[in-house]
Structures are given as structure tokens and as C-alpha cells.
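Just below is one structure, and these are the notes that go with it.
The values are calculated or read from the model by the stated rules, or taken from the named source; none is laboratory data. Note that the coordinates shown come from a computational prediction; the quantities given were computed from them, not determined experimentally. All Cβ positions, even for glycine, are placed from backbone atoms using ideal geometry, and neighbour counts span all protein chains on display. The area values use the complete protein model at the heavy-atom level, side chains included, leaving out ligands, DNA and RNA. Shrake-Rupley method; radii C 1.70, N 1.55, O 1.52, S 1.80 Å.
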Amino acid sequence: MQEFGYTEGRNFDIVNRFAESHLDRLPKLAAELVQLNPEVIVAGATLQAVALKKTTSTIPIVVPVLADPIALGLIESEARPGGNVTGIAPYVKGLPAKQLELAREIVPGATRIGLLDDVTDPKAHPQRQEIEAAGQAMRVSIITVQVRTGGDIVPAFETLAAEHAEVVIVEQSNMLVLTRKQIAEAAAARKLPSVYGYRENIEAGGLISYGIDLNWCYHRAAYYIDKILKGAKPADLPVEFPTKLELVINLKTAKALGLDVPPTLLARADEVIE
């Protein structure tokens with residue numbers, strides 16, 4: 001917001017509400033924010049946007065990570081949202097299949113690939129479908145374990161280890177990035193190399209990520225807020241898609257797992273954490 005000439009406390013004020021991963025709190029928190037009648041609401045992710053959309057059809061809502069918005073009834077189309085919701089769509093078609101290829105590059109010849117599937121997040125369904133389809137084409141077994149809360153993480157990795165998964169793909173989801181430290185510890189404890197979509201997971205101790213830059217998505221949200229504060233309507237602000245993907249590798253984690261990262265993979269990395 002500073003880049004657009006705003007100063008918090010002088011040009012605008014921010015009022016925060018946090019569900020702290022408790023989805024049952026979202027309707028109440030959405031109602032509290034709507035009652036304040038703000039000029040614009042930033043919804044942290046899609047499920048927050050769904051709760052807000054059910055509460056207001058007039059207050060503009062900007063979503064930095066907007067998943068499956070047409071099917072959820074949040075917008076009419078990416079080019080013309082048509083309602084009070086707009087933002088950035090982080091799901092990149094084809095990316096999950098690339099993550100599966102990356103998993104087999106990290107563990108050559110792997111035939112049993114685990115998938116940590118967050119069934120509460122709208123972004124998860126298309127990811128799971130792509131990975132399962134790609135797995136079938138590659139003739140590898142996809143071992144899908146569903147999770148709903150942070151309490152499911154450790155049991156999920158216990159199941160994946162018991163099912164002899166050789167490497168695990170962790171979906172891009174709100175909950176799975178918020179519990180990134182717990183996931184990294186669970187994967188390390190069972191010596192399971194894991195592939196992620198967010199660099200935040202790698203900074204927390206994960207092995208390798210290939211995906212969008214979440215920071216860019218939230219940074220870009222300021223563009224929408226500025227436009228709306230200057231009179232633009234969300235209905236007329238097209239949903240945008242990230243154009244850059246980044247590959248991040250944690251060599252410390254690789255060493256702890258006893259893995260030698262291929263030099264060709266290191267050469268492709270945007271960042272190597274040592």
C-alpha cells in the first residue's frame with residue numbers, strides 16, 4: 001500500500017480478524033467485519049471469501065489466493081468477475097504434474113508416491129485430480145491420505161510411511177502452509193522426502209518446492225485495493241494469474257535425508273538454502 005502512496009493510520013486503517021485454522025469461526029468473523037462496513041475487505045484465502053460472500057454482496061472483497069471461484073459462485077468469469085469479489089488465482093494448471101515429475105527426479109525410479117490431500121481447501125481437488133491422472137500415465141501408485149486439520153498431519157505421515165511411500169507431494173493449501181513446521185518435522189522424522197508448492201514450506205525445513213510466490217500474490221492485492229478505493233468496481237477488475245514459478249531447494253534437509261540432489265536440478269533452482 002505504501003507503493004501506492006498510502007500510510008496506515010493516516011490514509012487507511014486495518015482491522016484484523018483471525019480464525020486460526022478453525023473453519024467454524026469464519027461465519028461469525030465474516031459477520032463482524034461486514035458490520036464494520038469497511039470500504040474493502042481482504043479475504044486471506046478462498047474459504048474466507050466464501051464466508052464473506054454469504055454475508056455481503058455489496059462490500060468489495062479482494063482475495064490474494066482465489067481458488068475455483070466460478071464453481072463456488074464467487075465470480076462469473078475471470079475476465080469479468082461480475083460481483084463484489086476479485087483477486088489473484090494461484091492455481092496453475094499443469095503444475096501438480098510437474099511436481100510429480102520433480103518427486104521422481106528427487107527419488108529416481110520411485111513407484112509409490114504419497115499425496116497429502118487437504119480436503120477442506122477448494123484448491124486441493126484439481127491438484128489431486130492432476131496428480132492422480134499423471135501418476136496413472138507414469139504407471140506409478142499415488143497413495144492419497146486426506147487431512148482436515150493440523151491434528152491429522154502426524155497420523156497422515158505415519159500412514160504414508162506404513163504404506164511404503166518413497167516420496168510425498170504436499171498440496172498447495174492454506175492449512176498446509178500454516179502447518180508447515182509440523183509437516184516438515186513429521187516428514188523428517190519418517191525420512192520421507194517431500195515436494196511442495198510454496199517456498200514457505202522449504203524455509204520451514206521442507207525439501208523442495210516448485211510453485212508460485214505467495215508473497216507476490218499478497219503484494220499484488222494492493223493493486224486491487226488501490227483501484228477499488230479510487231472508485232473501481234470488483235465486477236470490472238479481472239482475476240489475475242501469477243506468471244512466474246520458482247524452484248527452491250533445501251540442501252540441509254537433503255543431507256539429513258541422505259539424498260544427493262542432482263546437479264542438473266540444482267542448476268535449475270531459483271534459490272538453494274544451505
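Around the Cα centre of the range 61-122, unit charges on the Cβ atoms of Lys, Arg, Asp and Glu (plus for the first two, minus for the last two) sum to a dipole of about 180 debye. Each residue was assigned an accessible area with a 1.4 Å probe, and for residue 55 the value is about 60 Å². For the chain, the longest principal axis of the alpha carbon atoms and the long axis of helix 46-55 meet at an angle near 30°.
Phi-derived couplings, Karplus 6.51 cos²θ - 1.76 cosθ + 1.60 at θ = phi - 60°, listed residue by residue for the range 104-112: 7, 6, 6, 10, x, x, 4, 10, 10 Hz, with x used for Gly and Pro. Projected label points at residue 260 and residue 185, each 7 Å from Cα along the beta carbon direction, are separated by 3.3 nanometres. Scanning residues 5 or more positions from residue 118 or on other chains, those with amide H under 5 Å from its amide H are 147, 171, with H placed 1.01 Å from N in the peptide plane.
Charge tally for residue 134 (other residues, Cβ to Cβ under 15 Å; Lys, Arg +1; Asp, Glu -1): 0.
Looking at the chain, the DSSP beta bridges with both ends there are about 15 percent antiparallel.
In the range 66-101, which residues have a backbone nitrogen under 16 Å from the label point lying 7 Å from residue 229's Cα in the Cα-to-Cβ direction? From the range 66-101, the list is empty.
For the chain, the per residue solvent-accessible surface stands at 49 Å², with DNA, RNA and ligands left out and a 1.4 Å probe.
Sequence-ordered 3J(HN,Hα) estimates for the range 263-274 from the Karplus curve with 6.51, -1.76 and 1.60 and θ = phi - 60° stand at x, 5, 6, 4, 5, 7, 5, 7, 8, 10, 8, 10 Hz, glycine and proline given as x.
Tell me, what % of the accessible area of the range 98-244 is carbon and sulfur with a 1.4 angstrom probe? Using a 1.4 Å probe with all protein chains present, the range 98-244 comes out at 50 percent carbon and sulfur.
In this structure the amide hydrogen of residue 273, modeled in the peptide plane, comes within under 5 Å of the amide hydrogens of 249, 250, 251, none closer than 5 places in sequence on its chain. Amide H contacts under 5 Å for residue 41: 61, 62, restricted to partners 5 or more places along the chain or on a different chain, H placed in the peptide plane at 1.01 Å from N. First check a/c for the range 26-66, with a ≥ b ≥ c the square roots of the eigenvalues of its C-alpha gyration tensor; if it is under 1.5, answer rounded, and if not, answer prolate when a/b is larger than b/c or oblate otherwise. Oblate, since a/c reaches 1.5 and b/c is not below a/b. I want to verify the translational diffusion coefficient of the range 188-274 in µm²/s; compute it with Stokes-Einstein, Rh as the Kirkwood radius over Cα pairs, at 10 °C and 1.306 mPa s. Roughly 106 µm²/s, to the nearest whole number. Extension gain for the segment residue 68 to residue 269, taken as residue separation times 0.36 nm less the Cα-Cα distance, is 69.5 nm to one decimal. When the square roots of the Cα gyration tensor eigenvalues are ordered a ≥ b ≥ c, the ratio a/c for the range 1-92 is 1.5 or more and a/b does not exceed b/c, which makes its shape oblate. Karplus-based coupling profile of the range 132-147, in residue order and whole Hz: 5, 5, 5, x, 5, 5, 8, 6, 10, 8, 9, 9, 8, 10, 7, 9, with θ = phi - 60° in 6.51 cos²θ - 1.76 cosθ + 1.60 and x standing for Gly or Pro. Spatial offset of the range 79-152 relative to the range 225-274 amounts to 16 Å, using the alpha carbon center of each. If I model a spin label at residue 158 and residue 6 as a point 7 Å from the Cα along the Cα→Cβ vector, what separation in nanometres do I get? Inter-label distance under the simple model: 4.6 nm. Take every DSSP beta bridge with both residues inside the range 174-274 and express the antiparallel ones as a percent of the total, to the nearest 5. Antiparallel: roughly 45 percent of the beta bridges in the range 174-274.
Calculated mean residue ellipticity at 222 nm for the chain: -11000 deg cm²/dmol, from DSSP H runs with n ≥ 4 weighted as -39500 (n - 2.57), summed, divided by the residue count and rounded to 500.
For GluC sites (Glu not before Pro), the sites in the range 39-126 that DSSP calls loop and that have at most 16 other Cβ atoms within 10 Å are 39, 76, 78. What FRET efficiency, computed as 1/(1 + (r/R0)^6) with R0 = 41 Å and r the Cβ-Cβ distance, is obtained for residue 220 and residue 149, rounded to the nearest 0.05? That gives a FRET efficiency of 0.90.
Given that just one value was derived from the coordinates, which of (i) 19.6, 59; (ii) 26.7, 83; (iii) 18.7, 57 is Rg and Dmax of the Cα atoms in Å? Computing Rg and Dmax of the Cα atoms in Å and matching it to (i) 19.6, 59; (ii) 26.7, 83; (iii) 18.7, 57 gives (i). Taking a ≥ b ≥ c as the square roots of the Cα gyration tensor eigenvalues, the range 141-197 comes out rounded, since a/c falls below 1.5.
Taking the accessible area of the range 1-97, probe 1.4 Å, and keeping the other protein chains in place, the carbon and sulfur fraction comes to 50%. Set the Förster radius R0 to 41 Å, insert the Cβ-Cβ distance between residue 77 and residue 138 as r into 1/(1 + (r/R0)^6), and round the FRET efficiency to 0.05. Once the sixth-power term is evaluated, E becomes 0.75. Across the chain, the longest piece that holds none of the trypsin sites (Lys or Arg not before Pro) lying in DSSP loops with up to 10 other C-beta atoms within 10 Å covers 140-229.
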